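*Asks:* Below is the structure I would like to discuss, written out as structure tokens.
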Amino acid sequence: MIRINKKGKRPDILFTSGANINQDKLIVETKKNKELYLASKKDYDSGKRNFTFKSSLYAHDDIKKALIAIQNKKCCFCESKVLHVSDGDVEHFRPKKAYRQKKKDSLKRPGYYWLAYDWDNLFLACIKCNQRNKENMFPLLDGRTRARNHKSNIKKEKSLFLHPQFDKPESHIEFKEAFIKPKRKSDKGLTTITELNLTRIDLYEERKTRLDIIHALIGAYQRIPNEIPEDEISKNQIREILRKSISEKEEYTGMIKSNFGEQIDQILNE
């Protein structure tokens, strides 16, 4: 998991007047849901009434394309490339319909209905992280601080999930080889790893394959002498591959930096 920079990258379509989708439509839909809640607060709080949301707005092609580009086709949680095996999901970090504090809890309603169309609440995620594991989970350090509606102070919440945009995953998660673990006993790191099942075997195997390649490249680099021009060409080729391995475009950048960050920096600065 690496931090996703969405600053200044809001899709142009959201500001385009007269387009199929624009900021005005998202604002109108959000305002409508707020008014519906205030008109029938007891019914929404009890679950007698539920909100409906328009995927044609929050998962519009232009929004999804923007997320794909910003995230380099990677899942915001596990850093796996998504599009070669599925279309990927437009994930709501704070669940829009209902939430659970713990996996075994019953669904609590309403969810974060006022954030259903909020750009900062939308990310690209793979099916396994989103549908199989996260689902409606949104645990807080103290459930009593949860924002129950759009008039609540959401800043009081302390999420136990790492926010892909606002948190620094490297402060909470680290790797020992391909094994992921919380850093300095971070509660956020532990909860994110556990609840999203970032230790799952298929994901571990993909990380391990990538890790072995970098191990081999660094070993080969260190064995190449500097005595003839051809050797320097080979070293330059390895440097270029290693440079790409720690770029945001590659899979499992967080793991590579955690294991080889200093080594790769040293090689690139030679």
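*Asks:* Over the stretch 13-137, what lengths in whole Å, largest first, do the semi-axes of the equivalent ellipsoid take, defined as the square roots of 5 times the eigenvalues of the alpha-carbon gyration tensor? List each step's numbers first, then the result.
*Replies:* On the way: eigenvalues 130, 93, 15 Å².
Semi-axes from the Cα gyration tensor: 25, 22, 9 Å.
*Asks:* Could you tell me the accessible area of Ile213 in Å² (1.4 Å probe, neighbours in place), rounded to the nearest ten?
*Replies:* Accessible area, nearest 10 Å²: 80 Å².
*Asks:* Taking 45 Å as R0, compute the FRET efficiency from the Cβ-Cβ separation of Leu107 and Asn236 and round it to 0.05. Let's see the in-between values first.
*Replies:* Details: r = 56 Å, r/R0 = 1.24.
In this case the efficiency is close to 0.20.
*Asks:* Another question, then. List the trypsin sites (Lys or Arg not before Pro) within the stretch 233-270 that DSSP assigns to loop and that have no more than 14 neighbouring Cβ atoms inside 10 Å.
*Replies:* Lys249
*Asks:* Additional query: Only four residue types carry charge here, +1 at the Cβ of Lys and Arg and -1 at the Cβ of Asp and Glu. Report the dipole size of the stretch 123-216 about the Cα centre in Debye, rounded to the nearest 20. Provide the component values of the computation, followed by the final result.
*Replies:* Values: 21 positive and 13 negative charges, 110 e Å.
The dipole of the stretch 123-216 has a size of about 520 debye.
*Asks:* Any chance you could look up the accessible area of Thr194 with a 1.4 Å probe, heavy atoms only, rounded to 10 Å²?
*Replies:* Using a 1.4 Å probe on the heavy atoms, I get roughly 80 Å².
*Asks:* Let me ask something else about it. Need one number: nm distance between label points at Ile224 and Lys183, each 7 Å from Cα along Cα→Cβ, rounded to one decimal.
*Replies:* 3.0 nm
*Asks:* For Glu262 paired with Lys54, estimate the spin-label separation in nm (one decimal), with each label point 7 Å from Cα along the Cα-to-Cβ line.
*Replies:* According to this spin-label approximation, the distance is 5.4 nm.
*Asks:* Going by Cα centres, the stretch 173-214 and the stretch 37-64 are how many Å apart?
*Replies:* Distance between centres, Cα-based: 34 Å.
*Asks:* Are there trypsin sites (Lys or Arg not before Pro) in the stretch 149-229 that DSSP puts in a loop and that have at most 15 other Cβ atoms within 10 Å, and which ones?
*Replies:* Working: sites: Lys151, Lys155, Lys156, Lys158, Lys176, Lys183, Arg184, Lys185, Lys188, Arg200, Arg207, Lys208, Arg210, Arg223; in loops: Lys151, Lys158, Arg200.
Those satisfying the criteria are Lys151, Lys158, Arg200.
*Asks:* Over the Cα atoms of the stretch 64-132, what radius of gyration and what Dmax do you get, in Å?
*Replies:* 12.8, 36
*Asks:* Filter the cross-link list Lys74/Lys183; Lys73/Lys244; Lys102/Lys151 down to pairs whose alpha-carbon distance in this structure exceeds 27 Å.
*Replies:* Working: Lys74/Lys183 23 Å; Lys73/Lys244 15 Å; Lys102/Lys151 24 Å.
From the list (Lys74/Lys183; Lys73/Lys244; Lys102/Lys151), the Cα-Cα distance tops 27 Å for no pair.
*Asks:* If the only charges are +1 at each Lys and Arg Cβ and -1 at each Asp and Glu Cβ, what is the size of the charge dipole of the chain around the Cα centre, to the nearest 20 debye? Walk me through the numbers before you get to the answer.
*Replies:* On the way: 56 positive and 39 negative charges, 424 e Å.
Here the size comes out at about 2040 debye.
*Asks:* Separation between the Asp87 and Lys41 pseudo-spin-labels, each 7 Å from Cα along Cα→Cβ, expressed in nm?
*Replies:* If labels sit at Asp87 and Lys41, their model points lie 3.9 nm apart.
*Asks:* Give me the accessible area per residue for the stretch 50-114, probe 1.4 Å, as a whole number in Å². Can you show the working numbers first?
*Replies:* Values: 3030 Å² over 65 residues.
For the stretch 50-114, the per-residue accessible area is 47 Å².
*Asks:* Which residue, Asn153, Gly8, Thr209, has the largest displacement toward the positive end of the dipole of the chain when charges sit on each Cβ (Lys, Arg +1; Asp, Glu -1)?
*Replies:* After comparing all options, I get Asn153.
*Asks:* Two decimals, Cα atoms only, Kirkwood Rh: what is Rg/Rh over the chain? Numbers along the way, then the final one.
*Replies:* Numbers: Rg = 21.5 Å, Rh = 20.5 Å.
Result for the chain is an Rg/Rh of 1.05.
*Asks:* Report the calculated FRET efficiency for Asp62 and Ile127 (r = Cβ-Cβ distance, R0 = 22 Å), to the nearest 0.05. Present the calculation step by step, with values, prior to reporting the outcome.
*Replies:* Values: r = 22 Å, r/R0 = 0.99.
Efficiency, from the Cβ-Cβ distance: 0.50.
*Asks:* On to the next question. About the Cα centre of the stretch 29-114, how large is the charge dipole given +1 on each Lys and Arg Cβ and -1 on each Asp and Glu Cβ? Please answer in debye to the nearest 20. Walk me through the intermediate numbers first.
*Replies:* Working: 22 positive and 11 negative charges, 98 e Å.
It comes to approximately 480 debye.
*Asks:* So, one more: For the chain, build the charge dipole from Cβ charges (+1 Lys, Arg; -1 Asp, Glu) around the Cα centre, then report which of Phe93, Ser234, Gln71 sits farthest towards its positive end.
*Replies:* Of the listed residues, the answer is Phe93.
*Asks:* How large a share of the accessible area of the stretch 57-216, in percent, is made up of carbon and sulfur atoms when the probe is 1.4 Å and the other protein chains stay in place?
*Replies:* Values: 3830 of 7780 Å².
Using a 1.4 Å probe with all protein chains present, the stretch 57-216 comes out at 49 percent carbon and sulfur.
*Asks:* Need one number: convex hull volume per residue for the stretch 112-211, Cα atoms only, in Å³. Walk me through the numbers on the way to the answer.
*Replies:* Values: hull volume 11.2 nm³, N = 100.
With only Cα atoms used, the stretch 112-211 gives 112 Å³ per residue.
The values are calculated or read from the model by the stated rules, or taken from the named source; none is laboratory data. Since the model is a prediction, treat every value here as computed from it, not as a measurement. All Cβ positions, even for glycine, are placed from backbone atoms using ideal geometry, and neighbour counts span all protein chains on display. Just the protein is used for accessible areas: all its heavy atoms, side chains included, with ligands, DNA and RNA removed. Shrake-Rupley method; radii C 1.70, N 1.55, O 1.52, S 1.80 Å.
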